[in-house]
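Structure first, commentary second.
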Amino acid sequence: MIAKLKGYVDSVIVDENAIIVDVAGVGYTVFASSKLINSVHIGDYIQLHIYHVIKAETQYLCGFQTIEEMRAFRILLNVHGVGVKSAIAVLSALSLEELAISVATQDVGMLVNAEGIGKKTAARILLELKDKTIVELDPINKSNSVNDAVLGLLSLGYPKNIVVKLVNKAFAEIGQTASANELIVSCLRNVDKNEQLPHL
């Protein structure tokens, strides 16, 4: 089982969401999110955590820059009917925070933004992840604060699409140590500053 690769980007295969990593002259095809694919260039030195998927007919090396993203990928793979390509598509379309928010709010609309994910598959993902603690998606506990902030703002009557944008913006500004209360206060300030958002 391959758990980590360190080497140079030999090729970028955009239409397959894959790169070839040259490790001491041996090329490994690594599948990854479009975010990672679009961030690298041929010749870049790269270090990746690898989730090695072995099936009867084939094998996949799936690469991630963080342990948290790899764990989220593994959780998605455990959902019935979700394979490697679908799990990568979800992580290409959503950040871990957005995935956590979609699970917390059971928001199918966020997941169907992922390529190849229809409403039925999105609903199944949300249903099967509903009982998973967000800590499993993100072990440094930042998603607990994100979820609490989202639920708090939803209880005030703000629409989901606005809440998602506000919380993501606040989290990016404050950082990983942000508490739910800090996130909510920041979000409410952003609402007050933006006349296009509803005032409750």
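In summary, helices (runs of 4 or more DSSP H) completely within segment 83-198 and bearing 1 or more residues that are at pLDDT below 80 and loosely packed, with under 15 Cβ neighbours inside 10 Å occur at 134-137, 160-174, 180-193. Quick test of your reading of the structure: Asp22 fulfils all but one of (1) outside the structural domain of Gly118 (by TED's automatic domain parsing); (2) within 26 Å of Asn113 (Cβ to Cβ); (3) touching a Gly at 6+ places or on another chain (Cβ under 7 Å). Name the failing condition by number. For Asp22, the exception is condition (2).
In segment 65-78, which residue that is part of a loop (DSSP other than H, G, I, E, B) and not hydroxyl-bearing (Ser, Thr, Tyr) is surrounded by the fewest Cβ atoms within 10 Å (Cβ to Cβ)? Break it down stepwise before answering.
Pass one, segment 65-78, residues part of a loop (DSSP other than H, G, I, E, B): 65-66, 78.
If we keep only those that are not hydroxyl-bearing (Ser, Thr, Tyr) as well, we get 65, 78.
Numbers: Gln65: 17, Asn78: 11.
Among those that are part of a loop (DSSP other than H, G, I, E, B) and not hydroxyl-bearing (Ser, Thr, Tyr), it is Asn78.
The residues of segment 42-64 that are in a strand (DSSP E or B) and not aliphatic (A, V, I, L, M), listed by number, are Tyr45, Gln47, His49, Tyr51, His52, Gln59, Tyr60, Cys62, Gly63, Phe64.
Hey, does segment 52-64 have a residue that's of a type in the set (A, V, I, L, M), touching a helix residue (DSSP H, G or I) at 6+ places or on another chain (Cβ under 9 Å) and surrounded by 15 or more Cβ atoms within 10 Å (Cβ to Cβ)? Explain how you work it out, then say what you get.
Initially, segment 52-64 is screened for residues of a type in the set (A, V, I, L, M), giving 53-54, 56, 61.
Now narrow it down to the ones that are touching a helix residue (DSSP H, G or I) at 6+ places or on another chain (Cβ under 9 Å): 53.
Then keep just the ones that are surrounded by 15 or more Cβ atoms within 10 Å (Cβ to Cβ); that gives 53.
Yes.
In segment 30-58, the residues that are outside the structural domain of Ala89 (by TED's automatic domain parsing) and over 17 Å from Lys4 (Cβ atoms) reach residues that are surrounded by fewer than 13 Cβ atoms within 10 Å (Cβ to Cβ) and not acidic (Asp, Glu) with C-beta atoms within less than 9 angstrom, at least six apart or across chains, in these pairs: Ser34/Val14; Ile37/Val14; Asn38/Val14; Ile42/Ser11. If you go through segment 92-106 and pick out every residue that is aliphatic (A, V, I, L, M) and in contact with a Lys or Arg (Cβ under 8 Å, 6 or more places away or on another chain), you end up with 1.
The values are calculated or read from the model by the stated rules, or taken from the named source; none is laboratory data. Keep in mind the model is a prediction, meaning the values are calculated, not measured. Methodologically, a virtual Cβ is constructed for each residue, glycine included, from the backbone with ideal geometry; neighbour enumeration extends over all protein chains shown.
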